[in-house]
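The values are calculated or read from the model by the stated rules, or taken from the named source; none is laboratory data. The model shown is predicted, which means the values in this text are computed figures rather than measured ones. Note: ideal-geometry Cβ built from the backbone for every residue, glycine included; neighbour counts use all protein chains shown.
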Ligand SMILES: [Zn+2]
């Protein structure tokens, strides 16, 4: 029986079964088609004890992360998010040239470069060799390793304890939470602060964001389950902010268990919100699969009706969440002719599983489809505005999550 990644209790209660799919970021080159694809179960449990929602780790972290094709510097809104975070943290916690800042999963240095510019000593830690090399050559000191207790002790001996640690969107990707969180405990100075950001499970459940479940995301945290995890390894949360990023995220501020920091009202308020939702009980998780199935049925009904009426449907956005969604729904190119994406690295490749071709956005204007399914629903407004010309031939936009919506 599988064990909980956080508290080690046996996992007995299914949360969501999305079938078997290839890795969501494993785009397929057309000449690799004859070799087939490896499918892994996409099955999420909820722990009866600490209530962490999680996947079995079928796929090793080395397979997923050692040459990760995603450079976060590509998104301008995310760069602005990072700049504001650095500004806020620096001001609130008095971070300056006397401090030491670490970022875990620092990517190509897009966030730490703000500290470099302010002459604040910092070190990035990232396991992807190609990305760590890019950061170093851009002037952001970066240590290439998987973060954990051993890595924390090594960098602490060389660079000193952390006054500030930042870990954005990495907690969900960690297979061994015990070793990872122990690393923060070991590296953090007695009055140091960690800022974690991760998608909020409450938003995932309420907005039926099942397409944010994919193999690279091992864990899905509520405030409840993340606080239990921190306390288990000698840390504690003292503040939380709710962010709109990734469909709704939490920014959790954490310190040593015995640090001199008071809990904020925001933290107490969010605990109360989760308690009212039943986050500590079975009922918060019980009907999620039914809601997911309803989204699938409505979307397939739309696609079948469109096909019967001779309408042409295209997709927008070749990101991970679109792949979970299309594969769970069993959609292939007979129902969605092609998907467009702005990234030139993806164009000409095929989506994993569905094997739908990825083209540049120009193809929409050349072929004038009747419907464009926006797969990254969190960018709906931005994409509708970008593609406003679609209306000139009567084209309409479609979003399927949390419920089917046709935008004329
Ligand atoms: Zn647990």
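Among the residues of segment 343-355, those that are out of contact with any helix residue (DSSP H, G or I) (no Cβ under 9 Å at 6 or more places or on another chain) and either farther than 19 Å from residue 327 by Cα or assigned by TED's automatic domain parsing to the domain that holds residue 23 (or both) comprise 344, 345, 347. If you filter segment 106-130 down to residues that are touching a strand residue (DSSP E or B) at 6+ places or on another chain (Cβ under 8 Å) and in a helix (DSSP H, G or I), you find that the one that is nearest to residue 189 (Cα to Cα) is 115. On the given criteria, is residue 31 at pLDDT 90 or above, more than 16 Å from the ligand (Cβ to nearest atom) and touching a helix residue (DSSP H, G or I) at 6+ places or on another chain (Cβ under 8 Å)? For residue 31, the condition - at pLDDT 90 or above, more than 16 Å from the ligand (Cβ to nearest atom) and touching a helix residue (DSSP H, G or I) at 6+ places or on another chain (Cβ under 8 Å) - is not met. Do you know which of the residues in segment 8-27 that are surrounded by 16 or more Cβ atoms within 10 Å (Cβ to Cβ) and modelled with pLDDT of 95 or more is nearest to the ligand (Cβ to nearest atom)? Among those that are surrounded by 16 or more Cβ atoms within 10 Å (Cβ to Cβ) and modelled with pLDDT of 95 or more, it is 11.
Every condition in (1) without any contact (Cβ under 8 Å) to a residue 60 or more places away in the chain; (2) surrounded by 15 or more Cβ atoms within 10 Å (Cβ to Cβ) is met by residue 366 except one, and the failing one is (2).
Pairs meeting the criteria (first residue in segment 6-26 and under 20 Å from residue 292 (Cβ atoms), second residue away from the ligand (no atom under 11 Å from the Cβ) and assigned to a strand (DSSP E or B), beta carbons under 6 Å, at least 6 apart or on different chains) are 15/44; 16/44; 17/43; 18/42; 20/41; 21/42. Only a single criterion out of (1) within 16 Å of the ligand (Cβ to nearest atom); (2) in contact (Cβ under 8 Å) with a residue 60 or more places away in the chain; (3) over 21 Å from residue 176 (Cα atoms); (4) surrounded by fewer than 19 Cβ atoms within 10 Å (Cβ to Cβ) is not satisfied by residue 284, namely (4).
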